[in-house]
Amino acid sequence: MATMLLLTFLISSLIMVTVGLAIDFMEILRLGIDGQLSVDPSDVETASLDFGLLTRGQPLAVLHPVSAQDIARVVKAAYGSNQGMTVSARGHGHSINGQAQTTNGVVIQMSGWKGGNKPPRPHVWAEERYVDVWGGELWIDVLKSTLEYGLAPKSWTDYLYLSVGGTLSNAGISGQAFNHGPQISNVYELDVVTGKGEVLTCSEDENTELFHAVLGGLGQFGIITRARISLEPAPNMVRWIRVLYSNFSAFTSDQEHLISLHAESSNQKFDYVEGFVIVAEGLINNWRSSLFSPQNPVKISTLFPTGGVLYCLEIAKNYHESTAQTIDQEVEFLLKKLNFISTSVFTTDLLYVDFLDRVHMAEMKLRSKGLWEVPHPWLNLFIPSSKIAEFDKGVFKGILGNKTSGPILIYPMNKNKWDHRSSVVTPDEGLFYLVALLRSALDSGEETQSLEYLNNQNRQILRYCDEAGIKVKRYLPHYTTQQEWMDHFGNKWDRFYEMKMEFDPRHILASGQRIFTPTFPSLSNMPS
Ligand code: FAD
């Protein structure tokens, strides 16, 4: 086994010397990594791709680390290298535009592990109500570990097969964000390997600047190896309700009313508020949420306005079997204040864990039909609430023209639940919406499902917003020039740049985001 490993490294070392690129791999070997540094073609292939299937970036090698020290050793070596080597952390590779890829260095595969040694398992501090997790831990596994103690994180993403480090590098949002803020608002402490290879603990009280920079920092300042996440007592059941609207302003007024209840006691508000746009039926259009209700078998097609658009408010209330007797009353009280189409109530009661893991069920369905591993030209926008009606008119009822090729989510959030010191940028209004166009490109012969058509439509939507003066901010952003990034960050750019110079001065980390170019003397003409 050891001979095989040595041979692999000798070969990889030779390859690198041959192409005249990165540092000598034997040097890294000598550094004594406890995990595995791999040039296995299947590892390299996996790290070259992501969920978007839009870009490919082949790394020189893939590290499967088992500790922060493993990562620090590789980053230090890259930092000290004069020939230039980049290091990109990869969670579960669920980016769209190659954000976790690198073509001139090592991908640190944070999620999943190989071989005997493993990174640390989640450690639940039940009394203190927090959990310490490895940066590559998937949220589904965080949930399973904390449920053993009757506890759970407060803020989620819709899909749980994402890594902690990956979502904290963006924000991590779902229908709980109006109440608890995004996931980055629910973190107490981080361990981070900076671009100089230092391992630093940071929090509100220690290395504060680094702490805020890393949250929503697109992987630019350090690799998160441990996150301490806030927990609450876990419910065991959820009532999941969907109601329909044909009137957009009634829909958004109700959404805004519901999120305005965030400060009320838990029996006077929902725990989850989202929504989506329905312009056409079918699995590929609405895989995120089926409108089936065992109690209310309403046929959605009977509710569609001719040639129009329907809006679905999706809400949920958590409960415990012990409080089940009051749930009907609480829900009825909240629903009474809403103005949806009265015959359109879809209700399901399910286990909390099944509710949180609902998108995985949809994934299984799509996989079985070969519709999961296809290109995903997704576009996620934060839109100021004052402009959401204009967006509806121009995009949902205009540009999309009755074709979607995937779910379109729309829900509002309260800006005061977002810490302005984090790196993430949101619109300049107290309320803003997420609009997520989660579309799949299919090779079906149908023009409106092709990648080119969907990419063009995305560009058209952005152009429309620009011309209509709708000041959107992109979520999970992707740009190709530094000027675009400067515009994206606006008045946060100077700080972002300053933090980069302090914590990753050679621009080694997360070069797949294309914000900074690595600065090695002999690399002046090389792409990152
Ligand atoms: P990757 O794609 O592997 O990495 C993303 C970025 O983070 C890269 O730049 C990478 O270098 C960096 N990174 C990864 N790990 C670390 C680390 N440990 N330390 C520092 N930087 C790191 N997002 C939401 O907010 N809400 C949702 O509801 C939601 N649903 C989704 C559903 C699906 C089906 C998919 C595919 C994505 C969804 N996302 C959602 C987007 C998701 O948050 C991003 O894709 C995010 O990047 C997490 O994916 P990942 O863990 O695979 O990270």
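Here are some notes:
- Counted residues, the range 406-423 - those being in contact with a strand residue (DSSP E or B) (Cβ under 8 Å, 6 or more places away or on another chain) and in contact (Cβ under 8 Å) with a residue 24 or more places away in the chain: 9
- A single entry from SER266, SER246, SER260 fulfils the requirement of being of a type in the set (S, T, N, Q), within 26 Å of the chain's Cα centre (by Cα) and surrounded by fewer than 19 Cβ atoms within 10 Å (Cβ to Cβ): SER260.
- Any chance GLU447 is open to solvent by 50 Å² or more (accessible area, probe 1.4 Å), modelled with pLDDT of 95 or more and acidic (Asp, Glu): no
- Matching residues, the range 337-347, being open to solvent by 30 Å² or more (accessible area, probe 1.4 Å) and within 32 Å of the chain's Cα centre (by Cα): ASN339, PHE340, VAL345
- The listed residues are LEU350, LEU409, LEU313, LEU334, and the only one of them that is open to solvent by less than 50 Å² (accessible area, probe 1.4 Å) and under 24 Å from ASN170 (Cα atoms) turns out to be LEU409.
- Qualifying residue in the range 479-486 (condition: under 23 Å from the mean Cα position of the chain (by Cα) and touching a residue at least 40 places away in the same chain (Cβ under 8 Å)): no
- Which listed residue, of SER290, SER301, is modelled with pLDDT under 80, open to solvent by 20 Å² or more (accessible area, probe 1.4 Å), hydroxyl-bearing (Ser, Thr, Tyr) and closer than 25 Å to LEU434 by Cα: SER290
- Flag for LYS369 being free of Cβ contacts under 8 Å to residues at least 24 places away in the same chain, open to solvent by 60 Å² or more (accessible area, probe 1.4 Å) and over 20 Å from the mean Cα position of the chain (by Cα): no
- Members of the range 410-457 found to be part of a strand (DSSP E or B) and of a type in the set (A, V, I, L, M, F, W, C), listed by number: ILE410, MET413, LEU431, PHE432, LEU434, VAL435, ALA436, LEU437
- Scanning the range 62-76 for any residue that is among the acidic types (Asp, Glu) and farther than 23 Å from LEU438 by Cβ turns up at least one such residue.
- Output for the range 327-370, where each listed residue is within 16 Å of the ligand (Cβ to nearest atom), under 18 Å from LEU409 (Cβ atoms) and not in a helix (DSSP H, G or I): ASP357
- Residue check: GLN460 meets all listed conditions (1) part of a loop (DSSP other than H, G, I, E, B); (2) open to solvent by 60 Å² or more (accessible area, probe 1.4 Å) but one, namely (1).
- In the range 166-193, the residues that are free of Cβ contacts under 8 Å to residues at least 60 places away in the same chain form Cβ pairs under 6 Å with partners that are more than 12 Å from the ligand (Cβ to nearest atom) and aromatic (Phe, Trp, Tyr), at six or more places apart or across chains, as follows: TYR188/TYR130.
- Per-region count, the range 472-523, residues more than 13 Å from the ligand (Cβ to nearest atom), touching a strand residue (DSSP E or B) at 6+ places or on another chain (Cβ under 6 Å) and open to solvent by 40 Å² or more (accessible area, probe 1.4 Å): 1
- Residues in the range 27-64 that are part of a helix (DSSP H, G or I), open to solvent by 70 Å² or more (accessible area, probe 1.4 Å) and modelled with pLDDT under 95: 2 in all.
- PRO377 being in contact with a His (Cβ under 6 Å, 6 or more places away or on another chain), under 29 Å from ARG56 (Cβ atoms) and either among the aliphatic types (A, V, I, L, M) or in contact (Cβ under 8 Å) with a residue 12 or more places away in the chain (or both): no
- Members of the range 85-105 found to be under 23 Å from the mean Cα position of the chain (by Cα) and away from the ligand (no atom under 12 Å from the Cβ), listed by number: THR103
The values are calculated or read from the model by the stated rules, or taken from the named source; none is laboratory data. Only a predicted model underlies this, so the values are computations on that prediction, with no experimental measurement involved. FYI the Cβ positions are ideal-geometry reconstructions off the backbone, even for glycines, and counts take in every protein chain you see. With ligands, DNA and RNA removed, areas are computed over all heavy atoms of the protein, side chains included. Shrake-Rupley method; radii C 1.70, N 1.55, O 1.52, S 1.80 Å.
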